[in-house]
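One structure is given here, and the rest of the page talks about it.
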Amino acid sequence: MSFNLYAENRQIPLTEFCDICMLPSDGGLAEPRPSEFDGFYRTLTVGDERGVSGTTAVSLQFPAVHYFALFIAKCLLAREKVGSLSAPDFAVLRRALYGDNTFSLGAIVVRRLHLNRFMGKIHGGIYATRLATHLNV
C-alpha cells in the first residue's frame, strides 16, 4: 500500500500496515460505495429518506451508534469536519456492529491517509500516530 505520512510517501504491504495500526487485515480492497449500505442505513434510521450519502450522525436512531459514528469519522478516519456520513464510515460501522468484513479496514484507512496528505502535519488520526511511532518519523 502507498500512503503519505507527514508529506512523505511510504509503501508497505497491507498486512504490515494493518499489524502496525492494529487493524484486521481481511476484507476486499474495493472502495465502499454508498449504494452498498442502503439496507444497513435503513436499520439505523427511522423515517430518514435522504439516503446513505445524506445521512448525518444525528440521523442515527441509537445514541451509542450516533456517537460511535462521530468517533469513526473524527478519530479513526481523521475527517476534519463531519457533515454527512460517508460510505467508508458505514463500512467501519457495519464491521463493528455485524462483523462484516466485506471491505478491508486497512485499505479504508490507507485511502484516508492518502486523502489527508495535504491537510497538515498532524491530520491523520490515531493510525498516523501509530505509523509515525513505528517508522520513527
Under Karplus coefficients 6.51, -1.76 and 1.60, residue-wise ³J(HN,Hα) of region 16-25 in Hz, glycine/proline x:
5, 4, 5, 4, 4, 8, 6, 10, x, 9
Spherically averaged projected area of region 3-122 from its Cα convex hull (nm²):
7.3
Whose amide H sits under 5 Å from the amide H of Leu5, counting only residues 5 or more places off or on another chain, with H placed in the peptide plane?
Arg10
CD proxy, 222 nm, the chain: helix-only mean residue ellipticity via -39,500 (n - 2.57) per DSSP H run with n ≥ 4, per residue, nearest 500, stands at -12500 deg cm²/dmol
Pull up all non-local amide H partners of Thr56: gap of 5 or more, or a different chain, and H-to-H distance under 5 Å with H placed in the peptide plane.
Leu85
Ignoring ligands, DNA and RNA, how do Leu97, Leu115 rank by accessible area with a 1.4 Å probe, largest first?
Leu115, Leu97
What residues qualify as long-range amide H neighbours of Phe103, i.e. H under 5 Å apart, gap of 5 or more or another chain, H built at 1.01 Å from N?
Gly28
Whenever you get a sec, compute what percent of the accessible area on region 5-69 sits on carbon and sulfur atoms (1.4 Å probe).
56
Run the numbers on the chain and let me know its relative contact order in percent, using alpha-carbon pairs under 8 Å that are six or more apart.
35
Keeping all protein chains in place and using 1.4 angstrom, which order do Cys21, Cys75 fall into by accessible surface area, from largest down?
Cys75, Cys21
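So with the 1.4 Å probe, I'd like the accessible area per residue for the chain, rounded to whole Å². It would help to have the intermediate numbers written out before the result.
On the way: 7180 Å² over 137 residues.
So the chain comes to 52 Å² accessible per residue, rounded to a whole number.
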Select from Tyr67, Ala96, Ala7 the residue farthest towards the positive end of the dipole of the chain; place +1 on Cβ of Lys and Arg, -1 on Cβ of Asp and Glu, and compute about the Cα centre.
Ala7
In whole Hz, with x marking every Gly and Pro, tabulate ³J(HN,Hα) for region 32-42 from phi via Karplus 6.51 cos²θ - 1.76 cosθ + 1.60, θ = phi - 60°.
x, 10, x, 4, 6, 10, 4, x, 5, 4, 5
Work out how much length Glu16 to Ala64 would gain on full extension: take 0.36 nm times their residue separation and subtract the Cα-Cα distance, in nm to one decimal.
14.1 nm
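The values are calculated or read from the model by the stated rules, or taken from the named source; none is laboratory data. In this text the structure is predicted, and so the values were computed from the model without any measurement. Every residue, glycine among them, receives a Cβ derived from its backbone with ideal geometry; neighbour counts consider all protein chains shown. Heads up: the accessible areas ignore ligands, DNA and RNA and are worked out on the full protein's heavy atoms, side chains in. Shrake-Rupley method; radii C 1.70, N 1.55, O 1.52, S 1.80 Å.
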